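Okay, handing you the structure first.
The values are calculated or read from the model by the stated rules, or taken from the named source; none is laboratory data. No experiment lies behind these values; they were computed from the predicted model shown. Neighbour counts run over all protein chains shown; Cβ positions are idealised from the backbone, glycine included. When the accessible area is computed, the model is the full protein with side chains, heavy atoms only, and any ligands, DNA or RNA have been set aside. Shrake-Rupley method; radii C 1.70, N 1.55, O 1.52, S 1.80 Å.
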Amino acid sequence: MTHDHDLELRPTGAQTEAARNPPPGRNGGDLVVETLAGLGATTVFGLPGQHALGMFDALRRSSLRYVGLRVENNAGFAADAYGRITGEAAPLLLSTGPGALTSLAALQEAASASAPVLAISSQVPTAGLGGGRHGYLHELPDQAASFRGVVKSVHTVRSQSQIPSAVAEAWRSALTAPHGPVWVEIPQDVLLAETSLPVVTAPDATPEALVPRVELTAVAADLLSRALRPAIIAGGGVVRSDASGKLRQLAEKLDAPVVTTFGGKGAFPWEHPLSLQSWLEDRYMTDLLEDADVLLVVGSGLGELSSNYHTFKPRGRVVQIEADLGKLESNHPALGIHADARLALQALLETVSERRDATAPERVRDVLGRIADRIAGQELALEQDVLGSVRRALPAGSPSFWDMTILAYWAWSAFDPRGTNTMHSAQGAGGLGYGFPAALGAAAADPGRPVLAVSGDGGALYSIAELATARQYDLPVTWLIVDDGGYGILREYMTDAFGQATATELTRPDYVALAESFGVPGVRTTPEALEADLAKALATPGPSVVVLPALLRMFAPTHLG
């Protein structure tokens, strides 16, 4: 008797012939790019280096599109954004030692934000593996050890026959919830050696589904059905699992107010009657969430930023749905459900009882009104006007990428993303330099719509080399640089804490002239002209830079007193 799976594994005539007579001139690098193409990759990011040349030589024999950046860390940020926008594992090709290590900060951000990045690095020749000090260029005693505390999984290849399986397994790991970066390293000699192995066609790397346990969702549904004042915190896991529609259905079925975390921007419609928007750094919001008798937390670990700097102390029952097992009940006791957000929300939708609460929209309006009054009493019209101008200039549906800068901190709480999966920042790991290279990665994923990057002048200097990348690939990214002469938020922190700031003031270039030297049009604007100048830049094909000299301030924190 012949089983179906036997037929699936039986090679076709063409496959048999290709196996007998593989094309000449292939090396280990070809096995890498063939595997990536077979897995469905279309675009790779990276930076060549001496030990990695076998991979880069193979690119010219493949159909993969290569987007090369000028710094490995920026290439990692671009891959991170590509993964966030597409939901695919974004390949990142790197060289050994310094090249590999320079990507670490980007991979930490990808890990914190659960962005699927497939980093493939070269290694010293096979003889140098195992910690021996042979004196190879770029040699580290244990290169993989530098990445084990950052990425989801590490895969070291020692022979060409291991390449397809290692890359496929890493792909599966990156795309299994929770998404995240993974690391593959391949020795130089393995990449360069000619290969007679057959062309890699379609390796199987289907991600594993993270299904909730039915007894837990049944208890959660009962708690929510009987709740008097339910509320929902929606995190980035809702966005990543494409579960915003199911979240909205559940919130409407329960009449439960919803607040989104900074990483979950867009998980719930901003203007919905049940939307508490994203004002998590406000005591009025913290009070409302503490007052919930059942609090459903979906796709968030309730970390520092999502808990108003750990001042949030829930008094009711917490139900936490989280794909990252390490984050489950890591900050608060809860009915912990280890599951993909989409699958868990679907289970709740099927079992929860409808409840009506006519007071819910009124409570939402009340807390948002009190927050608005608090902000209005702090003389912050400039900051609100600037953020409003950015929102009006950016077309709905266009993604935005924000560096760690004061305007971004405002945007976390006050910016309407106008769409799911459209607003991203480096708030996961909190490093500088994310905004512009990430925007380039998003533009590579979808060049048909303009992309906005927002940086301060300090963060901009981390990424300035990528103006060459933007011009080389003609990517439709408009870069808004808010120039306040230094590290603005650190200036505020130090002045508040010590009475004066140290090491925060910066000598910086003429950003408009610098952009134009790369062939990228630039304009210096004012708060009054920002909306028009930004809208014009976004509507113009290709890259552009808009510089806003302005000293912005943060709204007063509520967690210190």
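Run the numbers on the chain and let me know its relative contact order in percent, using alpha-carbon pairs under 8 Å that are six or more apart.
Worked out over the chain, it gives 13 percent.
A further question on this structure: Could you tally the net charge around residue 97, taking each other residue with its Cβ under 14 Å from the Cβ of residue 97, Lys/Arg +1 and Asp/Glu -1?
-3
Another one. Need the C-alpha centroid separation for the range 330-347 versus the range 351-405, integer Å.
26 Å
If the chain between residue 385 and residue 219 were fully stretched, how many nm would it gain, using 0.36 nm times the residue separation less the Cα-Cα distance?
Using 0.36 nm per residue and subtracting the Cα-Cα distance, I get 55.2 nm.
Could you state the number of Å between the C-alpha centres of the range 427-506 and the range 153-180?
Measuring centre to centre over Cα atoms gives 32 Å.
Let me ask another. If a paramagnetic tag sat 7 Å from the Cα of residue 354 along the Cα-Cβ line, which residues of the range 219-241 would have the backbone N under 16 Å from that point?
Backbone N within reach: 225-226.
Hey, another quick one. Between (1) 45; (2) 34; (3) 28, which matches percent of Cα pairs over 38 Å apart calculated for the structure shown?
Comparing each candidate, only (2) matches the computed number.
Then there is this: Helix 163-175 versus the longest principal axis of the chain: what angle, 0 to 90°, nearest 10, using Cα atoms?
Long axis of 163-175 versus the principal axis of the chain: about 10 degrees.
Using a Förster distance of 60 angstrom, determine the FRET efficiency expected from the C-beta separation of residue 374 and residue 202, and round it to 0.05.
0.60
Give the ranking of 510, 484 by solvent-accessible surface, highest area first, calculated with a 1.4 Å probe.
Result, largest first: 510, 484.
A further question follows. Against the longest alpha carbon principal axis of the chain, how many degrees, from 0 to 90 and to the nearest 10, is the axis of helix 488-498 turned?
So the inclination is approximately 60 degrees.
Here is a further query. What fraction, in whole percent, of alpha-carbon pairs in the range 200-261 exceed 21 Å separation?
Within the range 200-261, distances greater than 21 Å cover 39 percent of Cα pairs.
Would you please give the FRET efficiency between residue 502 and residue 474, computed as 1/(1 + (r/R0)^6) with r the Cβ-Cβ distance and R0 = 35 Å, to the nearest 0.05?
Numbers: r = 42 Å, r/R0 = 1.19.
So, using R0 = 35 Å, E works out to roughly 0.25.
Using modelled backbone amide H atoms (1.01 Å from N, in-plane), which distant-in-sequence or interchain residues come within less than 5 Å of residue 46's amide H?
The answer is 67, 69, 93.
For the range 72-136, restrict the atom set to alpha-carbon positions and state the Rg and Dmax in Å.
Both quantities, over Cα of the range 72-136: 13.5, 42 Å.
Work through the residues other than residue 429 whose Cβ is under 11 Å from its Cβ and net out their charges, Lys, Arg +1 and Asp, Glu -1. It would help to have the intermediate numbers written out before the result.
Numbers: positive: none; negative: 80, 109.
Summing Lys and Arg as +1 and Asp and Glu as -1 gives -2.
Calculated FRET efficiency, residue 526 and residue 330, Cβ-Cβ r, R0 30 Å, to nearest 0.05?
Calculated transfer efficiency: 0.10.
Averaging over all projection directions, find the projected area of the Cα convex hull of the range 288-342 and quote it in nm² with one decimal place.
Values: hull surface 13.9 nm².
Spelled out: convex hull of the Cα atoms, projected over all directions, averaged, 3.5 nm².
Residues with beta-carbon under 14 Å from that of residue 217, excluding residue 217: net charge, scoring Lys, Arg +1 and Asp, Glu -1? Could the numbers behind the result be given before it?
Details: positive: 213, 246, 342; negative: 215, 222, 322, 340, 350.
Neighbour charge sum, excluding residue 217 itself: -2.
So what does residue 357 come to for accessible area, using a 1.4 Å probe and Å² rounded to 10?
20 Å²
Compute the separation of the alpha-carbon centres of the range 28-64 and the range 513-542 and state it in Å as a whole number.
Each part reduced to its Cα centre gives a spacing of 35 Å.
I'd like the projected area of the range 180-299, averaged over all directions, using the convex hull of its alpha carbons. Report it in nm² with one decimal.
Numbers: hull surface 48.0 nm².
With the hull built on Cα positions only, its mean projection is 12.0 nm².
When only alpha-carbon atoms are used, what values of Rg and Dmax, in angstrom, describe the range 108-179?
For the range 108-179, the Cα-based Rg and Dmax read 13.5, 40 Å.
Over the chain, give the accessible area per residue in Å² for a 1.4 Å probe, as an integer. Mind showing how you got there, number by number?
Working: 22060 Å² over 561 residues.
Dividing the accessible area of the chain by its residue count gives 39 Å².
For every helix of n ≥ 4 consecutive DSSP H residues, a contribution of -39,500 (n - 2.57) applies; sum these over the chain, divide by its total residues, and give [θ] at 222 nm rounded to the nearest 500 deg cm²/dmol.
Rounded to the nearest 500, it is -11500 deg cm²/dmol.
Continuing with this model, one more query. First compute the accessible area of the chain with a 1.4 Å probe, then give the percent of it belonging to carbon and sulfur atoms.
Answer for the chain: carbon and sulfur cover 52 percent of the accessible area.
Quick one: what are the phi-derived ³J(HN,Hα) couplings along the range 415-424, Karplus 6.51/-1.76/1.60 with θ = phi - 60°, whole Hz, x for glycine and proline?
Whole-Hz 3J(HN,Hα) from phi for the range 415-424: 9, 7, x, 6, x, 8, 6, 10, 10, 9.
Of all DSSP beta bridges in the chain, what percent run antiparallel (nearest 5)?
5 percent
Below 19 Å, Cα to Cα, which aspartates and glutamates can residue 536 reach? Residues fewer than 8 away in the same chain don't count.
In chain and number order, the partners are 385, 474, 516, 528.
From zero outward in steps of 10 Å, how is the percent of C-alpha pairs of the range 370-529 spread across the bins?
Over the range 370-529, the share of Cα pairs per 10 Å bin runs 10, 38, 38, 13, 2 percent.
Under unit Cβ charges (Lys, Arg +1; Asp, Glu -1), what dipole magnitude, rounded to 20 debye, does the range 481-561 have relative to its Cα centre?
That gives a dipole near 80 debye.
Just the projected area, averaged over all directions, of the convex hull on the alpha carbon atoms of the range 268-400: how many nm²?
Here the figure is 9.9 nm², rounded to one decimal.
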